[in-house]
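Worksheet: one structure, shown below.
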Amino acid sequence: MDNRNESSENLRNKCAACFRQFNKMEHLVEHMRISYHSVHEPICGICKKHCRSFESLREHLIGPLPKQECKNIFSIRGCKFCLAILNSPDARRSHQERCQFLSINSGILARLANLGIRDNLGTIDNGGSARRAQVVALACKMVGGGSDGSLDLCGRVCLIDESENIIFHTYVKPTLPVTNYRYETTGIRPEYLRDAMPLKQVQRKIQDFLCNGEPMWKIRPKGGKARILVGHGLDHDLDSLQIEYPAIMIRDTAKYPPLMKTSKLSNSLKYLTQAYLGYEIQTGIQEAYEDCVATMKLYNRMRSQVHKIEDYPLASDPQNRNNFASWRQSELERMSPEQMLEISRSDYYCWCLDSRDY
Ligand SMILES: [Zn+2]
Ligand SMILES: [Zn+2]
Ligand SMILES: [Zn+2]
Ligand SMILES: [Zn+2]
């Protein structure tokens with residue numbers, strides 16, 4: 001076989017998304033079957049390589065082990081926060097000024113720390129006429145229970161709206177005795193919790209607010225009144241509040257694949273805020289409000305990504321179920337890598353889909 005044929009044969013077996021080469025077409029088909037490449041993956045603005053997460057895109061552009069051509073261009077006109085490529089170094093400068101957020105004024109945080117309770121749960125418009133679901137962010141701060149103080153008990157909770165206004169902010173009186181107030185990080189003193197709102201009442205108020213008049217079993221992702229809930233590690237927060245909420249309404253920055261590590265573990269909120277928003281949080285005493293703001297900003301950034309609109313964006317949509325079915329093997333092997341990418345769909349719900357009307 002001459003060399004020319006061999007290289008064009010290899011090119012035919014190259015994944016159109018992640019550029020991996022395969023010796024045989026059947027191996028590329030197998031790769032496509034399990035990769036769920038899609039228009040929703042973070043994509044290099046230079047070579048168009050698809051990455052599983054922004055972290056792997058960051059490695060591709062900055063390092064360790066970057067792709068040299070992409071790194072060179074990125075270092076001149078790439079945004080280090082959202083990883084977009086701009087047209088010129090000047091365009092990058094003005095873009096980055098908008099892309100980076102300033103940290104929350106420490107004076108505001110100090111005043112918040114003294115704020116006993118704020119409860120606007122009953123006064124928020126129920127959003128019945130809005131075309132898009134309302135979005136709220138929630139964060140808790142935990143004090144310690146149990147004999148060694150390691151059991152997390154919610155001692156403070158905060159809920160904000162999309163404009164970062166506080167909807168609800170209160171100390172919570174746990175149902176179990178507090179054995180460690182973790183003052184250095186929570187700033188919570190025994191007297192703050194002594195007459196605080198009982199957990200049961202907090203739970204009911206937040207639960208009612210999230211469901212917004214809809215029975216839990218009726219909540220559907222689009223067109224209802226229930227609110228989208230944003231947070232970081234929400235399973236843990238909701239557990240501590242004894243709140244149940246449907247997964248389809250939850251947007252968790254700890255579990256959203258594009259924001260996770262290449263190892264598929266969660267990043268900390270502190271890291272995500274530093275890397276993607278460009279400011280510091282959780283430097284001393286931690287405020288639940290500060291966590292709410294960071295998760296809401298991350299959510300907004302992910303939701304505002306511009307991705308190609310497809311009628312059925314998810315691999316789990318019934319219309320896509322047979323795209324990579326095994327009975328299609330020979331048909332798939334005759335397709336070009338681009339054609340296969342064209343029919344490949346995401347295995348996670350991209351938050352850009354929240355910005356679509358229904
Ligand atoms: Zn691939
Ligand atoms: Zn998307
Ligand atoms: Zn690239
Ligand atoms: Zn940017």
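Among 234, 353, sorting on how many other beta-carbon atoms sit within 10 Å of each Cβ, with the fewest leading, yields 353, 234. Taken over the chain, the convex hull of the Cα atoms encloses 174 Å³ per residue. With the simple model of a label 7 Å out from the Cα in the direction of the Cβ, residue 65 to residue 282 spans 2.8 nm.
Available extension along the chain between residue 179 and residue 216 is 9.9 nm, counting 0.36 nm per residue and deducting the alpha carbon span. The relative contact order of region 211-358, computed from alpha carbon pairs under 8 Å that lie at least 6 residues apart in sequence, is 19 percent. From least to most packed, judged by other beta carbons within 10 angstrom and beginning with the fewest, 349, 171 follow the order 349, 171. Of all lysines in the structure, the ones whose alpha carbon falls short of 29 Å from that of residue 261, not counting any fewer than 8 places away in one chain, are 14, 48, 49, 67, 71, 80, 141, 270, 297, 308.
At R0 = 30 Å, how high is the FRET efficiency between residue 102 and residue 123 if r is their beta carbon distance? Nearest 0.05 is fine. That gives a FRET efficiency of 0.55.
For residue 307 and residue 264, FRET efficiency with R0 = 25 Å and r from the beta-carbon atoms, rounded to 0.05? Using R0 = 25 Å, I get an efficiency of 0.70.
Site pair residue 18 and residue 150 shows an inter-label distance of 3.6 nm when each label is modelled 7 Å from Cα along Cα→Cβ. Projected label points at residue 201 and residue 326, each 7 Å from Cα along the beta carbon direction, are separated by 5.9 nanometres.
Around the Cα centre of the chain, unit charges on the Cβ atoms of Lys, Arg, Asp and Glu (plus for the first two, minus for the last two) sum to a dipole of about 400 debye. Here the residues 182, 204, 156, ranked from fewest to most Cβ neighbours within 10 Å of their Cβ, fall in the order 204, 182, 156.
For the pair residue 348 and residue 242, the difference between a 0.36 nm per residue extended length and the Cα-Cα distance amounts to 35.5 nm. Based on every Cα atom in region 110-303, Rg and the maximum pairwise Cα distance Dmax equal 16.3, 50 Å.
Principal axis extents of the Cα atoms in region 234-309, from largest to smallest and rounded to whole angstrom, are 39, 31, 25.
Global dimensions of region 206-252 from alpha-carbon coordinates: Rg and Dmax equal 10.1, 29 Å. Our estimate of slack between residue 339 and residue 356, defined as 0.36 nm per intervening residue step minus the Cα-Cα distance, is 3.5 nm. Amide hydrogen proximity for residue 152: with H placed 1.01 Å from N in the peptide plane, the residues at 5 or more positions away or on another chain lying under 5 Å are 145.
Taking a point 7 angstrom from the Cα of residue 255 along the C-beta vector, which residues in region 320-358 have backbone N less than 18 Å away? Only 347-354 pass the distance filter.
FYI, it's all coordinate maths here, none of it is from the lab. None of these values were measured; they are calculated from a predicted model. No Cβ is skipped: glycine too gets one built from the backbone with ideal geometry, and neighbour counts run over all protein chains shown.
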